[in-house]
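K.L.:
Would you mind keeping the following structure in view while I ask a few things?
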Amino acid sequence: MTMPARLPPPKRKNPLARTRLPASPGQGRSRVAQGLTLAAAHGRFMLQRCEDCGTVQYPPREACATCLSPRLPWRSLDGAGELIARTTIRYGQEIYFRERPPFPVGLVRLDCGPSLVVALHGDCGAAPARVRVGLALDKAGQGLVIALPEKDTPNMADDPLIRETTSDPKFRKVLVTDAKTAVGRTAVEAFLAAGADHVWAGFAEPWKPSAHLAHLQTQDKATLVPLDVTDEGSVRELAGRIGGKVDILVNTAEFHRVSTIARQGTETARAEMEVNYFGLLRLAQAFGPALKARAADGEASATAWVNLLSVYAFANLPAQGTFCASKAAALSLAQALRAELQPSGIRVVNVFPGPIDDEWNQLLPPPKVAAAGLANAIVDALRDGVEDVYPGDVAQEWLARWRDNPKALERELSL
Amino acid sequence: MSVLNSFIGELTAGKIRVVDLTQTLSPEFPQISLPPEMGQAWPFRIEEVSRYDERGPAWYWNNFSCGEHTGTHFDAPIHWVSGKDLPNNATDSIPPQRFIGPGCVLDCSREAAADADFLLTVKWIKGWEKKHGRIPPRAWVLMRTDWSKRSADPVGYQNYDETGQHTPGPDTDAVKFLVGERDLLGFGTESIGTDAGQAQHLRPPYPCHYYMHGAGRYGLQCLTSLDQLPPTGAVVVAAPLKIRNGSGSPLRVLALMESK
């Protein structure tokens, strides 16, 4: 078994060399093959299994390879299997692969049936060997079948395949847009603990004292930076200062009030939109281009954009009606941003927590998402390479209800 | 020569100096902050419409937004509940001659430097009058604290701690005295608010708003450059935007003074 050395901190960039542009590994997939993408985006291993004869299918198809049944629902499966052969691809037609070092691939027979060609983690060893097959999102945002060693190995996240299919904060520079909240502060701390090279912690309205900010002032690798996402000038100024260095942007800026349609006027609703929707738009306009341009800029390239949304973006909680509407608007814009950044390989990660344990949710009964738990969920999402995360029991339950019967959820939320 | 002709002559000859008492409107300038569950005045924000580009090839212009009480601004009597039923109490209905008046500058800068919560008293005002003469009727009474010199530092300018804001202002009796016995036009300060930062604990809360607007008088706040004015002798021009039923407005405040 090859044991990769721990990834050393990347060397400083040669400022005279042209910055490598991001190439895409992907070609279009059929609609049915996007089932792999859906599973990978949520961090699951799923394949189609025939309702009639039970055969697990690979590659994804319209009719069962055994009995021709069209009833092929996607099922979560155990990816345990046997690596039966391996080789190394040294030459490829695709620019993406030509630019990269030799690429190990293998043939794996899954215990649940089919055999698949997979991208191999460097620690999988010589065939035959037991491996864990899973799905990852590649730089084109498409589902890619990968195999990991049967048991975790030291430094396994440093493997090129994992670095390429995830957005590990290790060695990367991170901007947390609002560090004045508990979520923002704990996010800064979680990124530092995850080995981020540096974290910029944004703050607006400097005259409002913040214990969280005061706490971060004592952290070595964190820098407080003025950033008010409601102010185009402030966003542009910070982008001018650090935009060319940010590898991961984490938008924690959130305006949360408890405001319903019955509240007179639109002042609060507008303030929510100013931060939660227009704030995202201003950030995307100011920071998006540099992120795209640096998406293949060495081992610690620009890699991801994280949005703090809400599970109520899917179904409105009328007691916080206008807040939810602003989150729904942000979700829609986040989809546009994902499409915009996809060609470069920058991943947009949307985080959909249930109610956060903050002062505006004071009277909501537990369980509520704790700030630290949410911060860890954000870091885990980047490390796991997923696109959509639903931290907390409430988010999980409401998501399940929404998928099952959105009309029923709508009625339940209005109670 | 008519008064106005001689005025223009003196102005052109540089014998009348125009002092700008206005802070620059910018997104960074601190805005008033109420408890977060209450409605909030918008801060000043500005975004480009076009700048000689594909959005408008030969012209540059911006959209801006803000609340009526943003930056250097005017308070009309209708702003406060005590002035809500007075005639001519809004920015569009105040007779325009009332936007111009003699300026009396009460220099409390030493006191404010020593105590951010300094309250201007009747005794203090009478002491000022001994030196500079009685405050004439229909005067703009401007409380100089040099607080505007903190405006480059929003934290020091707002001066919040866990008990709220700490900025100087008048006490209750001083307000009643200026309204009842000196018949002033309005009261101006350099901080955010004509009242002191801790004025919610005075009786009544926010006495300058309560009595000043209750008597149909005006307020000016976030003024600057008061240190360039003489104690008496300047003329202050403070005309708000003509907003229908407006409770106030950002404005340009000018002081005219004779050069020595």
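K.L.:
Please compute the average number of Cβ atoms from other chains found within 10 Å of each residue's Cβ in peptide A:196-206.
P.N.:
Other-chain Cβ atoms within 10 Å of each residue's Cβ, averaged: 1.
K.L.:
Place the peptides A:35-47, B:137-149 in order of packing, highest mean first, counting for every residue the other Cβ atoms within 10 Å and averaging per peptide.
P.N.:
Output ranking for A:35-47, B:137-149: B:137-149, A:35-47.
K.L.:
Could you do me a favour and compute the accessible area per residue for region B:142-260, 1.4 Å probe, result in Å²?
P.N.:
Using a 1.4 Å probe on heavy atoms only, each residue of region B:142-260 averages 39 Å².
K.L.:
Just from its helices, what would the mean residue ellipticity at 222 nm be for chain B, if runs of 4 or more DSSP H residues each count -39500 (n - 2.57) and the sum is divided by every residue, rounded to the nearest 500 deg cm²/dmol?
P.N.:
Counting only the DSSP helices, I get -5000 deg cm²/dmol.
K.L.:
Using Cβ-Cβ distances only, list the Cys residues of the protein assembly as shown with no partner cysteine under 4.7 Å, sorted by number.
P.N.:
When partners are defined as cysteine Cβ atoms under 4.7 Å apart, the protein assembly as shown leaves A:112, A:124, A:324, B:66, B:104, B:108, B:208, B:222 without one.
K.L.:
Taking every residue in B:152-165, how many Cβ atoms of other protein chains lie within 10 Å of its Cβ, on average?
P.N.:
Mean inter-chain Cβ contacts per residue within 10 Å come to 2.
K.L.:
Rounded to the nearest whole Å³, what is the per residue volume of the convex hull around the Cα atoms of the protein assembly as shown?
P.N.:
210
K.L.:
Which of the lysines could be linked to residue A:151 by a straight reach, that is with a Cα gap under 24 Å, when you skip same-chain ones fewer than 8 residues away?
P.N.:
In chain and number order, the partners are A:170.
K.L.:
Can I ask one more? ³J(HN,Hα) across region A:130-135 via Karplus (A = 6.51, B = -1.76, C = 1.60, θ = phi - 60°), whole Hz, x for Gly/Pro?
P.N.:
These are the phi-based 3J(HN,Hα) values: 6, 9, 10, 8, x, 10 Hz.
K.L.:
Can I ask one more? With a sphere of radius 11 Å drawn around the Cβ of residue A:26, what net charge do the other residues whose Cβ falls strictly inside it have (Lys, Arg +1; Asp, Glu -1)?
P.N.:
Around residue A:26, the surrounding residues sum to 0.
K.L.:
Accessible area lost on pairing A with B, both sides, 1.4 Å probe, Å² to nearest 100?
P.N.:
1400
K.L.:
Given springs between every Cα pair under 10 Å in a Gaussian network model of chain B, which of B:189, B:224, B:24 has the largest fluctuation?
P.N.:
Fluctuation is largest for B:24.
K.L.:
At q = 0.09, 0.12 Å⁻¹, what base-10 log of I(q)/I(0) does the Debye formula yield for region B:1-142 when every alpha carbon is treated as an equal point scatterer in vacuo?
P.N.:
Once normalised to I(0) and log-transformed, intensities are -0.52, -0.90.
K.L.:
Within the accessible area of region A:173-413, what % is carbon and sulfur when the probe is 1.4 Å and the other protein chains stay in place?
P.N.:
About 54 percent, which is the carbon plus sulfur part of the accessible surface.
K.L.:
At each listed q (0.17, 0.23, 0.28, 0.29 Å⁻¹), what is the log10 of I(q)/I(0) that the Debye formula gives for region A:13-69 modelled as equal alpha-carbon point scatterers?
P.N.:
The computed values of log10 I(q)/I(0) come out as -0.67, -0.95, -1.14, -1.17.
K.L.:
So, one more: Per-residue Cβ counts within 10 Å, from other chains only, averaged over A:230-236: what number is that?
P.N.:
That works out to 4 on average.
K.L.:
Pop out the carbon and sulfur fraction of the accessible area of region A:34-161 as a percent, whole number, probe 1.4 Å.
P.N.:
So the carbon and sulfur contribution to the accessible surface is 54 percent.
K.L.:
Quick one: check the C-alpha center-to-center distance for region A:90-105 versus region B:14-31, whole angstrom.
P.N.:
64
K.L.:
Against the globular-protein guess of 2.2 N^0.38 Å, express the Cα radius of gyration of region A:269-415 as a ratio, rounded to two decimals.
P.N.:
Here the Cα radius of gyration is 1.09 times the empirical estimate.
K.L.:
Ignoring ligands, DNA and RNA, what accessible area per residue does region A:1-55 give at 1.4 Å, in Å²?
P.N.:
71
K.L.:
By DSSP, what percent of the beta bridges with both residues in chain A are antiparallel, rounded to the nearest 5?
P.N.:
50
K.L.:
Could you give the nm distance between label points at residue A:319 and residue A:264, where each point is 7 Å from its Cα heading toward the beta carbon?
P.N.:
It is 2.5 nm.
K.L.:
Continuing with the same structure: Within the accessible area of chain B, what % is carbon and sulfur when the probe is 1.4 Å and the other protein chains stay in place?
P.N.:
Carbon with sulfur: 56 percent of the solvent-accessible area.
K.L.:
Ranked highest first by the average count of other Cβ atoms within 10 Å around their residues, in what order do A:340-347, B:51-58 fall?
P.N.:
Packing proxy ranking, top to bottom: A:340-347, B:51-58.
K.L.:
Give the lysines whose C-alpha is closer than 26 Å to that of residue B:84, dropping any in the same chain fewer than 8 places away, or say none.
P.N.:
B:176, B:242
The values are calculated or read from the model by the stated rules, or taken from the named source; none is laboratory data. Given the structure is predicted, the values throughout are model-derived calculations rather than measurements. Note that we place each Cβ from the backbone using ideal geometry, even for glycine, and neighbour counts take in every protein chain shown. For accessibility, only protein heavy atoms count, side chains too; no ligands or nucleic acids. Shrake-Rupley method; radii C 1.70, N 1.55, O 1.52, S 1.80 Å.
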